[in-house]
Amino acid sequence: MPLLQPIISIPIFTLLLLLFGYIGVPLWLWFTYLATILILFHVSFWIWGIFGAAAVILNVPLIRRKVITTPIMRMIRAFNVLPTISETEKAAIEAGTVWIEGEFFSGAPNLKRMADEPYPQVTPDIQAFLDGPVEQVCRMATDWEIYRRKDLPPDVWDYLKQERFFGMMIPKEYGGLGFSNLAYSTVMVKLASRSFIHTATVGVTNSLGPAKLLLNYGTQAQKDYYLPRLARGDEIPCFALTEPQAGSDAASITSYGVVFRGEDGNLYLRLNFRKRYITLGAIATLIGLAFKLRDPENLLDRGEEVGITCVLVPATTPGVVLERRHDPMGVPFYNSPIEGHDVIVPIEQIIGGVEQAGQGWKMLMQTLAAGRGISFPATCTGIAKLVTRVTSAHATVRRQFGLSIGRFEGIEEPLTRIAGLTYLMEAARIYTCGAVDQGERPSVISAIAKYHFTELSRKIINDGMDILGGSGICRGSRNLLATIYIATPIPITVEGSNILTRTMMIFGQGVIRCHPYVYQEIAALNRGDAIAFDRALWQHIGLMIRNSFRMILLSLSRGYFARSPVTGATAKYYRKLAWASATFACLTDLALITLGGTLKRREMLSGRFADVLSWMYLGTATLRRFDAEGRNPDDLPLVHWAMQYAFTQIQQASEGIFANLPIPVLGALFRGSVIGGWRLNPIGTLPTDAIGHQIAQNLQIPEGMRDRLTIGIYLPDHPDEALGRLEQAFRLSVQAENILKTIKTASRIGQLPHAKPESLIDAAFAAGVITEEAARLVREAERVRDDSIQVDAFTLEEYQHCKQPTNKRMLAMSQDI
Ligand SMILES: Cc1cc2nc3c(=O)[nH]c(=O)nc-3n(C[C@H](O)[C@H](O)[C@H](O)COP(=O)(O)OP(=O)(O)OC[C@H]3O[C@@H](n4cnc5c(N)ncnc54)[C@H](O)[C@@H]3O)c2cc1C
């Protein structure tokens, strides 16, 4: 071989290797590539022999199946390498659709597609509903009033029914409002910003309640009868699944119903059930009930154990017991145990009729596949926006050490976190609603949304309470956050308790459902279908090879090789998403290979995988929002903060995976080198203080970023209301700030005595330092500011009887001071 040949050919072949690996070429091209190398390097005959044998075995499917795939199938079965799936798990996994989460599992996400997914806007008719009935119902009762009464006032109940709040998701032809998911979610955001009780009351009727099940599965007769009654609020529904022995493991319910033939010759169900934690249970008139159906006489011709079934039981049916209620953290919404003893209903009460007998679990999983991503995410976004609004105003109005506390870096830090996460949550709320409104039922994304929105709102409310200090602790009409803080564990527990949602649903079920090949492999293996298994397996191996190249090249280039669908400041984040996805996909396959069927029991690992997947999704939604809203440069600090935060979560979770993935033999080497590399070349580091400072200070300016972040919440304008008062104090404080600075300067140069500027207003006016108008403005600002930082104080009588405090003495005292 001439000397020059290797010098030229080695770089060319290395480049080709990297290119082929990165784009993932088919097997025959790899063999062509190898053959070219062998020709150029004049290899010996026996190497050609090995090459030829490998080429034939791997490229001819019939031989490949016999020689490699079938023995692999046998080995997988023998060593239980792939996860086994029970019938209930199968229903959960098969429920819903795979949306963009599939892109992340592919390792080469179609970023353009993700950036083009809909990010819908509220239509004018929905805006009219928000400005009309929603505004009105919020105006009718404060959160504190609802807590004092331990219920919504009767006129609010009536108004909710009259304006069809219970039928927002019921189509117009049945008398409902026929709202889209986005419209419903936007209403829930505004309601949540007023009171958690509103959303807890309206949520069940619109999400996983009888109405949704009827819409999806009901017979025409059931729809015609019940939906108009539910839309009008003539029926108050609840849905009863949970039992003392069946919480997270809901499929293990023991409530049962037996089919029997009545004396009139018709079929009936005799139901016995004991349920708990049922929202609206105590006041429900229509119970959606999940139970196990038995048919000992095989009257339905489906065998003796028909399976989980959903039925509608009028609450007045003899045997139904609805006489107690729970006290969920003192949060006054109806939540109750429900019992039924030999309750008899016609078999036609099964939702969807006899055909749907035994299909209850599937129905619930499919309905939840979309539902989980809507109601609680909306509630939590409403809460996040309210906390942003309250804390940004309070940080300005409240002064300590002669400064607004929002000027202290210690306060800037939680303020920034609140703002950055609120931006991200609103983005993911709308992005998810957009997908569901397009007909997707993305079960994994819904689980991500449910888990992360409830966890993030817990973080946000904790930060909010810290910023408010004592005024967050003392309950009463002046306190805007305490009741939210108390209610926080409720969304965390409901609709799939969070720990389980993170560790089992997002990745445990996601990896089977969304991975391009795993489900096909499991299904083919269960069917014993060698042809299908062979196809899926070899495509899977090709994917693993491509993703390994992508992971290495994207990591070395910090994502540079990936093509961003946008240019400008956010392009680098799209590229990093490609890098994160390639790493995630590689690690997923590594975990599947090393842990196989035991992966689903390794919940600490699958929880970390869930975090990586989730933060890729939340980051994508954030980028989508920024583009959809016209790439407003004023929002860039929020986007930078949210994206850097998201990639830091990915960094941490990935490090945890690297550190804990059991790699046989080479484990220590793998851990040492990969973790070292990952730390030296991190995909994410926490946002800088400079970005945080910029966000926190922008947040303390009226309008602009603060208004954009909190759009769509209920904002009372009357100063008698806590938020109205705080808003007024905030606006006036900002207006008075420069005047106070002028007084301070005059005091420093000796024009005025040394004292707090607030106490020098009259002197400053007398000395001509400020105008009369300015003096009036500062006095008013100080009066309102002082009022807004007061907390409620009760007489013993008021406290013991839950009365509204008069606060007269306290206010008088504060004015004296
Ligand atoms: C206020 C409120 C309202 C509700 N409304 C309704 C309603 O209207 N209708 C209805 O049917 N139900 C309702 N529920 C029930 C709710 O869905 C259940 O509370 C939930 O399913 C969890 O069950 P559990 O509380 O028994 O918790 P458990 O199942 O006892 O779980 C306890 C903890 O263990 C974790 N865990 C369980 N299994 C696993 C696992 N395999 N891996 C990891 N962690 C695990 C859970 O995540 C949780 O953190 C409501 C509950 C509350 C509190």
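State whether one or more residues within the stretch 352-368 are touching a helix residue (DSSP H, G or I) at 6+ places or on another chain (Cβ under 9 Å), in contact (Cβ under 8 Å) with a residue 12 or more places away in the chain, part of a helix (DSSP H, G or I) and more than 30 Å from LEU271 (Cα to Cα).
No: the stretch 352-368 contains no residue that is touching a helix residue (DSSP H, G or I) at 6+ places or on another chain (Cβ under 9 Å), in contact (Cβ under 8 Å) with a residue 12 or more places away in the chain, part of a helix (DSSP H, G or I) and more than 30 Å from LEU271 (Cα to Cα).
To keep it simple, each residue is scored yes or no on (1) within 16 Å of the ligand (Cβ to nearest atom); (2) open to solvent by less than 10 Å² (accessible area, probe 1.4 Å); (3) not aromatic (Phe, Trp, Tyr).
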| residue | (1), (2), (3) |
| --- | --- |
| PHE609 | yes, yes, no |
| LEU613 | no, yes, yes |
| GLY619 | no, yes, yes |
| GLY630 | no, no, yes |
| HIS640 | no, no, yes |
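Restricting attention to the stretch 633-657, and to residues there that are without any contact (Cβ under 8 Å) to a residue 60 or more places away in the chain and not aliphatic (A, V, I, L, M), which single residue is farthest from PHE104 (Cα to Cα)?
PRO633
Which residue is most open to solvent (accessible area, probe 1.4 Å), if the candidates are limited to the stretch 748-786 and must be outside any helix (DSSP H, G or I) and among the polar types (S, T, N, Q)?
Among them, the one singled out is GLN751.
Tally the residues that are open to solvent by 20 Å² or more (accessible area, probe 1.4 Å) and either within 15 Å of the ligand (Cβ to nearest atom) or not in a helix (DSSP H, G or I) (or both), restricting the search to the stretch 451-478.
8
Scanning the stretch 252-272 for residues that are in contact with a Gly (Cβ under 7 Å, 6 or more places away or on another chain) and open to solvent by less than 10 Å² (accessible area, probe 1.4 Å), which turns out farthest from the ligand (Cβ to nearest atom)?
Among residues in the stretch 252-272 that are in contact with a Gly (Cβ under 7 Å, 6 or more places away or on another chain) and open to solvent by less than 10 Å² (accessible area, probe 1.4 Å), the one farthest from the ligand (Cβ to nearest atom) is LEU269.
Considering each of GLY281, GLY340, GLY319 in turn, give the residue that is within 13 Å of the ligand (Cβ to nearest atom) and small (Gly, Ala, Ser).
None of the others qualify; the one that does is GLY281.
Answer yes or no as to whether LEU699 is closer than 17 Å to SER404 by Cα, aliphatic (A, V, I, L, M), in contact (Cβ under 8 Å) with a residue 12 or more places away in the chain and open to solvent by less than 10 Å² (accessible area, probe 1.4 Å).
Taking the combined requirement at face value, the residue satisfies it.
If we only count helices (runs of 4 or more DSSP H) wholly inside the stretch 178-256, which ones have 2 or more residues that are in contact with a Cys (Cβ under 6 Å, 6 or more places away or on another chain)?
Filter on the stretch 178-256 gives 181-194.
Residue by residue through the stretch 737-747, note down the ones that are open to solvent by 80 Å² or more (accessible area, probe 1.4 Å) and either farther than 17 Å from PHE401 by Cα or of a type in the set (Asp, Glu) (or both).
ASN738
Out of the residues in the stretch 484-494 meeting the condition of being of a type outside the set (S, T, N, Q) and near the ligand (Cβ under 6 Å from one of its atoms), tell me which one is most open to solvent (accessible area, probe 1.4 Å).
Across the stretch 484-494, the extreme among qualifying residues is VAL494.
Note down all Cβ pairs under 9 Å where the first residue falls in the stretch 747-770 and is in contact (Cβ under 8 Å) with a residue 40 or more places away in the chain, the second is open to solvent by 30 Å² or more (accessible area, probe 1.4 Å) and assigned to a loop (DSSP other than H, G, I, E, B), and they're at least six residues apart or on different chains.
Final answer for the pair search is LYS756/GLY402.
Within the stretch 176-193, identify whether any single residue is open to solvent by 20 Å² or more (accessible area, probe 1.4 Å), more than 19 Å from CYS433 (Cα to Cα) and out of contact with any Ser or Thr (no Cβ under 6 Å at 6 or more places or on another chain), and answer yes or no.
No, the stretch 176-193 contains no residue that is open to solvent by 20 Å² or more (accessible area, probe 1.4 Å), more than 19 Å from CYS433 (Cα to Cα) and out of contact with any Ser or Thr (no Cβ under 6 Å at 6 or more places or on another chain).
Report, ordered by the first and then the second residue, all pairs with beta carbons closer than 7 Å, sequence separation of six or more or different chains, a first member in the stretch 501-512 that is among the charged types (D, E, K, R), and a second member that is within 12 Å of the ligand (Cβ to nearest atom).
These pairs meet every condition: ARG502/TYR451; ARG502/GLY607; ARG502/ALA610.
Please state which of the following conditions GLN520 fails to meet, knowing it meets all the rest: (1) more than 15 Å from the ligand (Cβ to nearest atom); (2) open to solvent by 10 Å² or more (accessible area, probe 1.4 Å); (3) assigned to a helix (DSSP H, G or I); (4) farther than 25 Å from GLU89 by Cβ.
Of everything listed in (1) more than 15 Å from the ligand (Cβ to nearest atom); (2) open to solvent by 10 Å² or more (accessible area, probe 1.4 Å); (3) assigned to a helix (DSSP H, G or I); (4) farther than 25 Å from GLU89 by Cβ, GLN520 misses just condition (4).
The values are calculated or read from the model by the stated rules, or taken from the named source; none is laboratory data. All figures in this text were calculated on a predicted structure; none of them were measured in a lab. We place every Cβ from the backbone using ideal geometry, glycine too, and count neighbours over all the protein chains shown. Only protein heavy atoms, including side chains, enter the accessible area calculation; ligands, DNA and RNA are left aside. Shrake-Rupley method; radii C 1.70, N 1.55, O 1.52, S 1.80 Å.
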